[in-house]
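What follows draws every value from the coordinates through simple rules; no lab data is involved. In this text the structure is predicted, and so the values were computed from the model without any measurement. As a convention, Cβ positions derive from the backbone with ideal geometry for all residues, glycine included, and neighbour counts pool all protein chains shown.
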Amino acid sequence: MVLPTETDVADYIENLKNWGRWGTEDQLGTLNLIRPEHRVAAARLVTEGRAVSCARDLVTAYGHPDNCAQMYYVASGEGVVRADGVPPTALGRGDLGSAVEFVGLVYHGTNVTHIDSVAHLFWKGQIYNDRSSGLVTSEHGALFGAVTAMRDGIVGRGVLLDIPRVERVTALAGGRAVTPADLEATAAAQGVTVGPGDIVLLRTGRWADDSGESEPKPTYDDPHDDARWGQRAGWHPACMPWLHEREVAVIGCDGPQEPLPPPYPAVPGAMIHVYALYSMGMPLIDNCDLEELAKVCAELSRWEFQLTVTPLRVVGGSGSPVNPIAVF
């Protein structure tokens, strides 16, 4: 296929806009494409009773290379066992005690499995549906397009497009930009058709167990480096019109969506986020772990399933850590 020019992909920002499509007050964006009948059809896909997490562990251990959160125990078990020199726990009575902890993290980035709401991304001082980025405030958080718009969760048909499996590699090379031709070839090989209301997950093999067959294992000299030494595979910008035409509701990836380095150096980075969040109003699920899901799909020879995503109801939040669950 002929890939778009830099001018073409720059024009996507306007050409892919869903602003006003569901009304001027709409904050759900492409989640409107998941109709009740789509949820019913997704429920009918549950025939095995098997559930698979699509999230990474939220690591709190100090010094661990995947550390992405801080955890502090307010109350713990030491005071219950009454070890020498340890006072009794303050949150207990007699033999009773409890564990209470505080967890803090920045989930937007390249490590934590999370969902972006439309308030997460600004372009030229605006967010989705013709609102000012000034509505995302320091004091009150997002006053438009916050994650609480997803309070009822996201439930629908999930489709895994496992590019490495179809191409018979462990993982895609760093910098690989997956094209619509790649999506169509993979969908055809897996016997699935991407359609309205779908939640499409793109596996690049980022978290695959390397055994010398593909990319080297990660290095942690640079805390911003990822599993491909600062390069990663992701969606080619040309995929966005493809997804728009098929009325896909949500996309996810085992990386933060964007190929690195970007395929169009003259076009600003993070363009997948711009097209999805700003133009289309499409939530993004970043940094999934799709390895176990890929194994189950291959075992059952089916790449469609019910998918449930339940963001935290953080008032004013521009997203949330999530644990997407695929059910077969």
**Request:** Only one of these is of a type in the set (Asp, Glu) and surrounded by 21 or more Cβ atoms within 10 Å (Cβ to Cβ): Asp130, Asp162, Asp152. Name it.
**Result:** Asp162
**Pair list, Cβ < 7 Å and 6+ apart or interchain, from segment 287-300 residues that are more than 27 Å from Gly109 (Cβ to Cβ) to residues that are part of a helix (DSSP H, G or I)** = Ala298/Arg165
**Message:** Looking at segment 179-193 only, could you name the residues that are β-branched (Val, Ile, Thr) and touching a helix residue (DSSP H, G or I) at 6+ places or on another chain (Cβ under 6 Å)?
**Reply:** Thr186
